[in-house]
Amino acid sequence: MTSISDRAMPWANSLVPYQPGKPIAELQREQNIDKVVKLASNENPLGPSPLALAKLNKNFLETMHFYPDGSGYELKEALANYHGRDKNEFILGNGSDQIFGFVIKALVSSTDNIVVSEYGFAAYAIAAKSVGANIKIAKANGWGHDLDQMLKEIDGDTKVVFIANPNNPTGTWNTQAEFDRFMTNVPEDVLVVVDQAYFEYVKDEPDYPNAVEYISEHKNLMVTFTYSKAFGLAGLRIGYGVANANLISLFDRFRLPFNINQPAMQAAAAALEDVDHIKNSITINQQGKNQLYNAFTEIGLEYIPSMGNFVMVNIASDTGPIYEALQNKGIIVRPLKPYGIDTWLRISVGLKEQNSLLIKELSVLLGK
C-alpha cells in the first residue's frame with residue numbers, strides 16, 4: 001500500500017532539517033538543573049530594549065484578540081525611517097529565514113541552482129533543497145566568502161546567490177571593494193540576497209558595504225535583517241527584507257496574511273528608537289569578544305576574529321565529548337560538525353560572568 005511519504009516530492013525524504021541551538025528548558029529537563037548559560041544561538045545577553053518591553057507590556061493584552069495588521073504598516077514606516085528608504089521596499093518575515101523561503105518559492109525550481117559559500121549559513125541551502133534545487137558551493141577564501149569564486153560558480157541555471165555579510169558561523173566579512181566588484185559583474189537576471197543579520201555589529205567599520213545603499217542601482221538585490229541578534233527579540237521571531245518595490249511585490253505574493261504577530265511588530269518598531277540600548281549591546285559584545293580572545297590566546301586555542309556576536313574556536317579534537325561535558329556543567333555552545341569542521345565550536349558572546357564560567361570549564365575539560 002502506498003503511503004503519504006511515498007507520494008512526497010522525490011527530494012523530501014532526504015532533507016535534513018536545520019538544527020538550532022539546544023533550548024535552555026530542554027537542558028534543564030535533561031540535567032535536572034535550574035541554572036543554564038546558553039552561548040549557542042547568538043542572542044543578545046542583555047535582552048531587548050526597555051522601550052520594546054514597555055510597548056509589549058502596554059499593548060499585548062489590549063490587542064491579543066484582534067488579528068494583526070497584515071500589511072505591517074507601522075513597522076514598515078519605522079523601518080523606512082531607520083534605513084532612509086520607501087516603506088514599499090520592505091517585506092516582513094517570521095524571522096529572516098522565512099524571507100529566504102519567499103525568495104526560493106518565487107524564483108527557484110528543481111531544475112535550478114543557487115550559489116552559496118563554503119561555511120555559509122546553512123539555512124540558505126536548506127531552503128533551496130526544499131524545492132529540490134541544486135546547491136553550488138564556492139570554495140571559501142580562508143574562512144570567508146570568496147566573492148570572485150562565487151561569481152565563477154554562476155551558470156545559466158543559477159537563480160539566486162546568497163551572501164552573508166558578516167557570515168555565521170565564521171564571523172568573517174567582505175569589504176566594499178569586494179562587494180562592488182561582485183555587483184558589477186553578477187548577471188542582472190540573478191538575484192543577490194545579502195543577509196545582514198549581524199549588521200549592527202559591523203556597520204561602523206569604514207570599509208563595510210551596507211548593501212541597502214546599493215538597492216537603487218541594482219534591481220537584482222535584496223538585503224535581509226533580523227531582530228534576533230543585536231535587538232534581542234529572538235523569541236518574537238521577526239525579520240525583514242529590503243529590495244526595490246517590484247521585487248517586494250513579487251515576494252509578497254508568497255507571504256500568507258498575518259505572518260507576524262502584533263506585539264512583535266510593536267516591539268520591533270519601538271526597538272529602533274532605542275539607540276542607547278544598541279550602543280550598549282555593541283560595547284558589551286566587543287568587551288566580551290576581547291575577553292574570549294584573550295582567554296583563548298592564553299590557553300593556546302586557535303580562534304577566528306569575528307565581526308558578529310560569537311567566536312569560532314578550535315579545540316583541536318572532536319567537539320562531541322566537550323560539547324556534552326559542557327552541557328553537564330549547564331553550558332550550551334554550538335558544535336560545527338554540520339559545516340564539516342569537526343574540531344571547532346561556535347561560542348556566543350555572553351555577559352562577563354557567563355564568559356568567565358565558559359572559559360573556566362572549557363580550560364578544565366581541555367586540561368589547560
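Miscellaneous remarks
- Checking each residue in the stretch 301-355 for being closer than 29 Å to Asp34 by Cβ, out of contact with any strand residue (DSSP E or B) (no Cβ under 7 Å at 6 or more places or on another chain), touching a residue at least 60 places away in the same chain (Cβ under 8 Å) and of a type in the set (A, V, I, L, M, F, W, C) picks out only Leu351.
- The criterion of being at pLDDT below 95, under 24 Å from the mean Cα position of the chain (by Cα) and part of a loop (DSSP other than H, G, I, E, B) does not hold for Pro10.
- The residue list Ala197, Ala127 contains one member that is part of a loop (DSSP other than H, G, I, E, B) and of a type in the set (A, V, I, L, M, F, W, C), which is Ala197.
- When residues of the stretch 209-234 are limited to those that are touching a residue at least 60 places away in the same chain (Cβ under 8 Å) and in a loop (DSSP other than H, G, I, E, B), the one surrounded by the fewest Cβ atoms within 10 Å (Cβ to Cβ): Ile215
- Residue in the stretch 15-38 that is under 30 Å from Tyr124 (Cα atoms), at pLDDT 95 or above and of a type outside the set (Val, Ile, Thr) present: yes
- Those residues of the stretch 216-226 which are farther than 15 Å from Gly308 by Cβ and either basic (Lys, Arg) or out of contact with any Asp or Glu (no Cβ under 7 Å at 6 or more places or on another chain) (or both), in sequence order: Ser216, Glu217, His218, Lys219, Leu221, Met222, Val223
- The single condition among (1) within 19 Å of Gly70 (Cβ to Cβ); (2) at pLDDT below 95; (3) not acidic (Asp, Glu) that Pro206 does not meet is (1).
- Where a residue in the stretch 171-194 is under 26 Å from Tyr339 (Cβ atoms) and its partner, wherever it lies, is assigned to a strand (DSSP E or B) and of a type in the set (Phe, Trp, Tyr), with Cβ under 9 Å and at least six apart: Gly171/Phe310; Val192/Phe162; Val193/Phe162; Val194/Phe162
- Total residues in the stretch 168-178 satisfying the condition of being β-branched (Val, Ile, Thr) and either closer than 18 Å to Ala106 by Cα or buried (at least 24 other Cβ atoms within 10 Å of the Cβ) (or both): the figure is 2.
- If you go through the stretch 112-136 and keep only what is touching a His at 6+ places or on another chain (Cβ under 9 Å) and of a type in the set (Phe, Trp, Tyr), you end up with just Tyr119.
- If the condition is being of a type in the set (D, E, K, R), surrounded by fewer than 22 Cβ atoms within 10 Å (Cβ to Cβ), in contact (Cβ under 8 Å) with a residue 24 or more places away in the chain and assigned to a helix (DSSP H, G or I), then the stretch 259-300 contributes only Glu273.
- Selection count where residues are of a type in the set (S, T, N, Q), under 20 Å from Glu26 (Cα atoms) and either modelled with pLDDT under 95 or not in a strand (DSSP E or B) (or both), scope the stretch 320-363: 3
- Those residues of the stretch 151-167 which are outside any strand (DSSP E or B) and either buried (at least 24 other Cβ atoms within 10 Å of the Cβ) or aromatic (Phe, Trp, Tyr) (or both), in sequence order: Asn165, Pro166, Asn167
- So Ser317, is it of a type outside the set (A, V, I, L, M), at pLDDT 95 or above and either buried (at least 18 other Cβ atoms within 10 Å of the Cβ) or over 20 Å from Ser228 (Cα atoms) (or both): no
- The residue of the stretch 302-314 that is surrounded by the fewest Cβ atoms within 10 Å (Cβ to Cβ), among those that are in a strand (DSSP E or B) and touching an Asp or Glu at 6+ places or on another chain (Cβ under 8 Å), is Asn314.
For every residue, the table says whether it meets (1) within 24 Å of the chain's Cα centre (by Cα); (2) of a type in the set (A, V, I, L, M, F, W, C); (3) over 30 Å from Lys352 (Cα atoms).
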| residue | (1), (2), (3) |
| --- | --- |
| Asn42 | yes, no, no |
| Pro45 | yes, no, no |
| Thr63 | no, no, yes |
| Tyr82 | yes, no, yes |
| Glu89 | yes, no, yes |
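- Residues located in the stretch 237-258, provided they are touching a helix residue (DSSP H, G or I) at 6+ places or on another chain (Cβ under 8 Å) and part of a loop (DSSP other than H, G, I, E, B): Arg237, Ile238, Asn244, Arg253, Phe254, Arg255
The values are calculated or read from the model by the stated rules, or taken from the named source; none is laboratory data. These numbers come from a predicted model, not from an experiment. Every residue, glycine among them, receives a Cβ derived from its backbone with ideal geometry; neighbour counts consider all protein chains shown.
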